[in-house]
Amino acid sequence: MNSHAAPKLLTRLVRYSRVSTDFSVRVLRGLAWPKVDFLIRLALAEIFFVSGVLKLGSWQSALYLATYEYPVRFMPPHMAAVVGVCIEVIGAVLLAAGFMTRYAAVPMLILSLVIQFAYRPFDGQLFWVALFGWYAIQGAGAFSFDALFRRGLADSALPLIPAILRLSAWVRSCLGPIYVSILRIWLAAALLAAALHLRGPSDWLPLDIAARVPTVIALPAGLLLLFGLGTRIAAIAIIVGVTAHTMMDPRETDAVYLLMSCAILIVFGGGKLSLDRVAVMLLSSRFPELDMRDPRALAGLPRIVIVGAGFGGISCAAQLRRVPAAVTLIDRANYHLFQPLLYQVATAALSPGDIASPVRQIFRDAYNVRVLLGTVTGVDTEARVVKLPDQDIPFDYLVLATGATHSYFGKDVWAPFAPGLKRVEDALEIRRRILTAFERAEAATDATERSALLTFLIVGGGPTGVELAGAIAELARHGMDKEFRTFDPADARVVLVQSAPRLLPAFPESLSAIAQRSLEAIGVEVSLGSRVEAIDAQGVAVSGKRIAARTVLWAAGVAASPAAKWLGADADSAGRVKVGPDLAVPGLVNVYAIGDTAASNAWSGQAVPGLAPAAKQAGAFVAGVIKARIAADSAPKTFKYRHLGSLATIGRQAAVVDFGFIKLWGAPAWWLWGLVHVGFLVGMRNRIATMINWFWAYLTYGGGIRLITGADTRQADP
């Protein structure tokens, strides 16, 4: 290895370690700590709440304790008993809920000190003091009412509240790291004293619990904690030692307090007064490019460009967030859209915000991921740049996940009269047309015109067409009950036209028949083996028959984005890029296509379907290939699609599910369909909002978000 390669390799190793460490800390604080914090608060609250309730049940015992066992000099016994019980009961409830946590922790801290030094000392009480001190400074984690209300109250007009919150934030940011250091040194002193059998101040050090850590762990861990060097590793070692000791004697339940304290050190490190912090500061000053939040950290790293923030692009970028690489994610929209529920926006059941999440919000903690809002116009494979209208983005690795659009099979003149459903704008336009049709029917004086306005024709009997037809029928029958005066919305005619001999061709024939019967049960007219010959503003010609329908929706076919033209690559009949077994584009170096952009036979020799799970699997696979190549490891050779099943919903308590070995329909399939789709949504807010909307609609037969917005995009009538 030459003299220049060694420093470069060392820098890459340190940088990779820094990326991995930053990611691990973000995972610990963002995912693990809220749950651990909640469990710690519950455990502490339970002890005090039970004690308070027992004293309320035996008030004479409470008075006896306040009078003789741990009297308070400046309070009469009955007042001390009342105050103590209030702290135990009310404080415990507030602590468990994470509401006004600091103000609940302070009196519980004082009460613990009184019990420890005025009554009888116990190691567990010392840990109570330490943990309540932590909550008095740090406050509760994400699973708390404090966290829920903090941001809104900080900008509120309530007197003093914003100032109090600013003071709390200062205490948390400035005193929190110092308190962590004090906690670490306190634990180190207890471990070293117990390991060396020293007689220390037992009232202040939990020597009995510390003695349960095996000496072979306690001694080195105590030294490391004392100086704050390798704090997280030392804390993990202590947890392992205590767990092993507790398994041999499960009665020693108070050792759990040591585990709680170590969990704080694992998540928050050694604090401000530690060699860990000094080492980080020295590294950051000597090598500022190692800080992933510094733009210089990305200089010289492999450049990965992902075009498209759909399921495939998001999955790929998420897998690359811990990789030492500069990732650029480009999309023409600033949000990730959950397309499987887009039809519910189109039929007024959900709001667009319920099924879309801002891309920047998804990757706000991924410092190596840059999000760009822009429309890609081409790719120069020789110069290795992605072209945007105002700039070129260079790449070392390119992942095209540009999805698909509507295909009218060469009849693009139909597009203004029969919109498809791929974007939020499409869904809002369809919602506008459906709701406007009912409004115009109310004002219509001609029965023939009203009938045409109340006829909704959907072209295509795949999952989207079936779901649209069912949702429109449900909206007409239940969502608008008693809202119109000149007609009954339940009289609306919903026609589903399918050129194939059955609905849902990708499903087993038995489930297709069930889906058809379910649609017909709610009033949908299913026309199979029918071919659409013409579409205009007045209606549709289907197999030689004219159907007057003012609202026509297209769900019959899709075509890939122009990615194949950008690359000059071979494409199939739908315009998808033909890719190799590893999803790479043949003849191009480090260029990949995934999702609806790619034509792959990775499903046991069959074409991979255009489903969300397929795109996510492909995105994760390509990310694995890129990671292996960056690390100079052997990359996966062949992508294999694992089919997780097909789902489609028809209406209220009606759906079909095909898992291959299991087939469901009716209410069980409907519940499962809902759970799966809620689980696939990005973000807890979207999941909760969607569940609330569905639950409300289910109980009340409500019509959802029935707002008419936007202008008519159709051409003028001929």
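The values are calculated or read from the model by the stated rules, or taken from the named source; none is laboratory data. Every value quoted in this text rests on a predicted model; they were computed, and no experiment measured them. With ideal geometry, Cβ positions are generated from the backbone for all residues, glycine too; neighbour counts draw on all protein chains shown.
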What number of residues within the range 63-112 are buried (at least 22 other Cβ atoms within 10 Å of the Cβ) and either basic (Lys, Arg) or not assigned by TED's automatic domain parsing to the domain that holds residue 129 (or both)?
0
First in the range 404-427 and in contact (Cβ under 8 Å) with a residue 24 or more places away in the chain, second anywhere and among the basic types (Lys, Arg) and part of a loop (DSSP other than H, G, I, E, B), Cβ under 9 Å, 6 or more apart
404/422; 404/576; 405/422; 405/423; 406/422; 416/714; 417/714; 419/714
Being of a type in the set (D, E, K, R) and in contact with a helix residue (DSSP H, G or I) (Cβ under 9 Å, 6 or more places away or on another chain), is that true of even one residue in the range 403-413?
no
Mind counting the residues in the range 138-154 that are without any contact (Cβ under 8 Å) to a residue 60 or more places away in the chain and surrounded by 19 or more Cβ atoms within 10 Å (Cβ to Cβ)?
3
Given the residues 348, 366, 317, which is the only one that is of a type in the set (A, V, I, L, M), more than 19 Å from the chain's Cα centre (by Cα) and not in a strand (DSSP E or B)?
348
State yes or no: is residue 410 farther than 26 Å from residue 350 by Cα, modelled with pLDDT under 90 and either out of contact with any Asp or Glu (no Cβ under 8 Å at 6 or more places or on another chain) or buried (at least 19 other Cβ atoms within 10 Å of the Cβ) (or both)?
yes
Give all pairs with beta carbons closer than 6 Å in which a residue from the range 481-499 that is farther than 12 Å from residue 441 by Cα meets a residue that is exposed (fewer than 14 other Cβ atoms within 10 Å of the Cβ); count only pairs at least 6 apart in sequence or on separate chains.
499/531
Just checking, does the range 580-598 include any residue being under 30 Å from residue 520 (Cα atoms), out of contact with any His (no Cβ under 9 Å at 6 or more places or on another chain) and either of a type outside the set (Gly, Ala, Ser) or surrounded by fewer than 20 Cβ atoms within 10 Å (Cβ to Cβ) (or both)?
no
Checking the condition in a helix (DSSP H, G or I) and either of a type in the set (A, V, I, L, M, F, W, C) or crowded, with 16+ Cβ neighbours inside 10 Å (or both), which residue from 229, 198, 167, 273 passes?
167
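For the range 589-603, indicate whether the set of residues that are within 30 Å of residue 434 (Cβ to Cβ) and touching a residue at least 12 places away in the same chain (Cβ under 8 Å) is non-empty. Show your work before the answer.
Going through the range 589-603, the residues within 30 Å of residue 434 (Cβ to Cβ) turn out to be 595-596.
Still in the list and also touching a residue at least 12 places away in the same chain (Cβ under 8 Å): 595-596.
For the range 589-603, residues within 30 Å of residue 434 (Cβ to Cβ) and touching a residue at least 12 places away in the same chain (Cβ under 8 Å): present.
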Tally, over the range 581-620, of residues that are more than 23 Å from residue 568 (Cα to Cα) and of a type outside the set (Phe, Trp, Tyr):
11
In the range 304-314, residues that are of a type outside the set (A, V, I, L, M, F, W, C) and assigned to a helix (DSSP H, G or I) total 2
